[in-house]
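What follows is one structure encoded as structure tokens, with my remarks underneath.
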Amino acid sequence: MPGLPENPDSILGQEVTPIDLENSLRLAGVQNPQLQIARQRVTEAAAIRMYMAAQILPNLNGGFNFDDHTGVLQQSSGKILNVHRSALYAGAGANAVAAGTVSIPGVLWNLNVSNTIFNALTSRQAVRQREFDSLAARNQVLGRVAVGYVELLRAAGRRAIAFSVRDDAVRIARATAAYAKAGQGRQSDADRAATELARRNTVILQAEAEVLQASAKLCRLLNLDPSTRLQPTDGWVVPAPIVPEPVPLNELLALAMLRRPELAAQRAAIEQALLQLRAQRVLPFSPNVLIGLSGGTFGGSSNLPAQTGQTGFGNFANRSDIDTVAYWTLQNLGVGNRAQINAARARLSISNFEQVAVLNQVRMEVADAYARSRARFAQIAIVEKGVLTGQAGFQEDMVRIENNEGLPIEVLNNLHLWARARDEYLAAIADYNQAQFELYVALGQPPAAALARPVPTDGNVPANGDIPSNDGGEVNGPANQPAPSARQGATRGRPRR
């Protein structure tokens, strides 16, 4: 007679890193690269805004130039002169030659009035948009981390259930083998029970693989080494209601439209597009202004002593120049201005349509998470009954076998049903928690005061339910009640909403 299958070696390492949801969210807020990128984009936008606002300030130029000319020149009267002259300038500005002004002023304003004003205004809206984008990235990352932590809890819970079912399968396989050895049962029944035990060992390995995969995914979100095996500190998988049940969907949709940073970012983008359109409309009527102030020392020489009074290089003295220029530009006979206005109007329309698309996305996310949360909450109570009846049926059959009132092979069907019920119960609670986190993220993580509702007074408050997440750990459940063992699973009712 072949022996029972041996327990498989665990694929999990001995070194674990305990973690809970709070620390997961904290690490995500500090180390997640997506959040760091979003924050640096805010810093970049703020720097651009500072640059745009600084355009109203003048540029400062300082330097010198030396000019030496040999050859003919023409006077304004048309007379041709053969001149050898030199000039040197040093001070605020540069490039002062002959009778002309300083070509590069020392203090220079060179700007278009409307462009300078509107660029500063649009850059401010760009900063606001990046800030809201950063909040949106933080909201999404924290939501993914919460869901990833629930997946880690789910995997640990499946592993705990797999061990519990494997222990029951061992009892059945041993009893069936003993019956067959005593001639009270068939050898084929013993082989069938041994096959079931081998299958349960395989389920354990699959559950451990899911634990490693869930840990690696959470490590990626937390920017940790994926070889680190994270182990949740929660001893039980319990329903975690975040958004109260009495809040109707229409109120949640209105709350999301006020709280979601993506919508605020789109409003800032629309305001930026409006400012750009106004800037293009005003541009043809806005002057280009150039104001230059220069001062320094200037001197030189010429071969025309009758005009300069000396032939040597010198005659240095102070000089100052003030230049003011204002002009208006009609780009490409006005066609270029019209094209820029049309382009700005199109960008405004695109921003409006993008806001509608984001609004529809937000509504869909809220409605989807709301529907899944309600469905999973209702499913918890239904599946819980299956866990209770499965447990009762399995224990009743085991009592019959111990009293020699039946064959051990008869209990395998109840073992299957009870194991499936516990898996479905765990899945219902984990899916409910994920839907709650996703709904909270879809609402833009509103404060508790925005979700507060009066406590029900009709006395119809369901009790908490929980599922084990690992082989040990603390038990989170109602006070003054015995905690279910990891072998039996937990079937303690619906969550308190």
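The values are calculated or read from the model by the stated rules, or taken from the named source; none is laboratory data. Note that the structure is predicted; figures quoted are calculated from it, not measured. With ideal geometry, Cβ positions are generated from the backbone for all residues, glycine too; neighbour counts draw on all protein chains shown.
Table for the structure above
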quantity	calculated
Test: residue in region 17-36 that is in a strand (DSSP E or B) and surrounded by fewer than 15 Cβ atoms within 10 Å (Cβ to Cβ)	yes
Test: residue in region 165-188 that is buried (at least 17 other Cβ atoms within 10 Å of the Cβ), modelled with pLDDT of 90 or more and not small (Gly, Ala, Ser)	yes
Enumeration of residues in region 171-184 that are farther than 11 Å from Leu415 by Cβ, hydrophobic (A, V, I, L, M, F, W, C) and outside any loop (DSSP other than H, G, I, E, B)	Ala175, Ala177, Ala178, Ala180
Test result for Ala392, more than 41 Å from the chain's Cα centre (by Cα) and over 21 Å from Gln184 (Cα atoms)	yes
Matching residues in region 206-227 - criterion: being aliphatic (A, V, I, L, M), in a helix (DSSP H, G or I), touching a residue at least 40 places away in the same chain (Cβ under 8 Å) and surrounded by 16 or more Cβ atoms within 10 Å (Cβ to Cβ)	Ala207, Val211, Leu212, Ala214, Leu218, Leu221, Leu222
The listed residue being in contact (Cβ under 8 Å) with a residue 24 or more places away in the chain, farther than 30 Å from Asp225 by Cβ and either surrounded by fewer than 14 Cβ atoms within 10 Å (Cβ to Cβ) or in contact with a helix residue (DSSP H, G or I) (Cβ under 8 Å, 6 or more places away or on another chain) (or both), out of Ser114, Ser86	Ser114
All positions within region 156-175 that are within 26 Å of Thr17 (Cα to Cα) and either small (Gly, Ala, Ser) or free of Cβ contacts under 8 Å to residues at least 12 places away in the same chain (or both)	Ala156, Gly157, Ala160, Ala162, Ser164
Residue in region 57-76 that is in a strand (DSSP E or B) and crowded, with 19+ Cβ neighbours inside 10 Å present	no
Some residue of region 235-246 being part of a helix (DSSP H, G or I) and either over 30 Å from Tyr425 (Cβ atoms) or not charged (D, E, K, R) (or both)	no
Meets criteria (of a type outside the set (Asp, Glu), in a helix (DSSP H, G or I) and at pLDDT 90 or above) for Gln266	yes
Residue match in region 70-89 (condition: closer than 30 Å to Asn288 by Cα and in contact with a Phe, Trp or Tyr (Cβ under 9 Å, 6 or more places away or on another chain))	yes
Which listed residue is touching a helix residue (DSSP H, G or I) at 6+ places or on another chain (Cβ under 8 Å), at pLDDT 90 or above and surrounded by 14 or more Cβ atoms within 10 Å (Cβ to Cβ), from Leu359, Leu407	Leu359
Set Ala254, Ala279, Ala240: member being more than 29 Å from Ala160 (Cα to Cα) and in contact (Cβ under 8 Å) with a residue 24 or more places away in the chain	Ala279
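Okay, residues lined up against (1) closer than 24 Å to Phe66 by Cα; (2) in contact with a strand residue (DSSP E or B) (Cβ under 8 Å, 6 or more places away or on another chain); (3) at pLDDT 95 or above; (4) β-branched (Val, Ile, Thr):
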position	(1), (2), (3), (4)
Arg278	no, no, yes, no
Gly295	yes, yes, no, no
Phe298	yes, yes, no, no
Asn303	yes, yes, no, no
Thr311	yes, yes, no, yes
Thr324	no, yes, no, yes
Tyr327	no, yes, no, no
Gln331	no, no, no, no
Gly334	no, no, no, no
